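Any read-out appearing in this document is the output of simple, stated calculations on the displayed coordinates, not a laboratory observation. All values derive from a computational prediction rather than experimental measurement. Please note: Cβ atoms are built from the backbone with ideal geometry, for glycine as well, and neighbour counts cover all protein chains shown.
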Amino acid sequence: MGRPVVPFGKPRGERADAVRNRERLLETARELIAEQGVEKVTMDCLAERARLGKGTVFRRFGTRAGIFKALLDADERRFQEQVISGPPPLGPGADPMARLVAYGRARIVHLLDHHAVARAALDRSQHVPAGDASVSQLHIRMLLGQASA
C-alpha cells in the first residue's frame, strides 16, 4: 500500500518569463481583436504577432478557445476589482441602491463588450457551459440586503 504524497514547502510560482509571455500574448490578442475582429485571431497569427513560438502559444492556452477564455478571465478579474475596490458608485462608498444601478449598467456593458470573445471561447468539442453568475448573485444580494437595512 502506497503512502499519500504530501508536498513540502509552498508550490513553485510561475516563472517570470512565462508570466511575461502570457501578458504579451493576451495584449497581442486584444490588439488583433480590435484591428481584425475575433474571427481572424488564430494561434499562428497570435504567435507571429507576439514574436513567440507557436509551441509557446499552444502550451499556454491549449486551443484557440483557450486564448479567449484567458481574455475573459483577465477582464472579469479587472471588472470585479472595480466592483470591490474601485471608485463609487460602482465601488464601495455609495448608497447601496446607487451601487446596484451602477453595477447593473456596468455589467450589461461588460457582457455586451465581451459577447464575441465569449462566443469564441466556446470549445466545440465540449458542452456549452451555463455560466457562473454566482459572483453577480452574491453582490446583488449583498447590495439589496444593505438597501433594506
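Restricting the calculation to alpha carbons of region 64-149 gives Rg and Dmax of 14.7, 47 angstrom. In deg cm²/dmol, rounded to 500, what helix-only [θ] at 222 nm does the chain give when every DSSP H run of at least 4 residues adds -39500 (n - 2.57) and the total is split over its residues? Roughly -21000 deg cm²/dmol at 222 nm, from the helical runs in the chain. Rounded to the nearest 20, the size of the Cβ-charge dipole of the chain about its Cα centre is 540 debye, with Lys and Arg at +1 and Asp and Glu at -1.
For region 33-75, the list of trypsin sites (Lys or Arg not before Pro) that fall in a loop by DSSP and count at most 10 other C-beta atoms within 10 angstrom reads Arg51. Here region 14-62 is treated as a sphere whose radius is the Kirkwood value from Cα pairs; by Stokes-Einstein at 20 °C and 1.002 mPa s it diffuses with a coefficient of 199 µm²/s.
In plain terms, the residue of His139, His110, His115 with the fewest other Cβ atoms within 10 Å comes first and the most crowded comes last, giving His115, His110, His139. Taking Cα centre as origin and charging only the Cβ of basic (Lys, Arg, +1) and acidic (Asp, Glu, -1) residues, the dipole magnitude of region 64-149 rounds to 160 debye. Both the radius of gyration and Dmax for the chain are 19.4, 60 Å, in that order, over alpha-carbon atoms.
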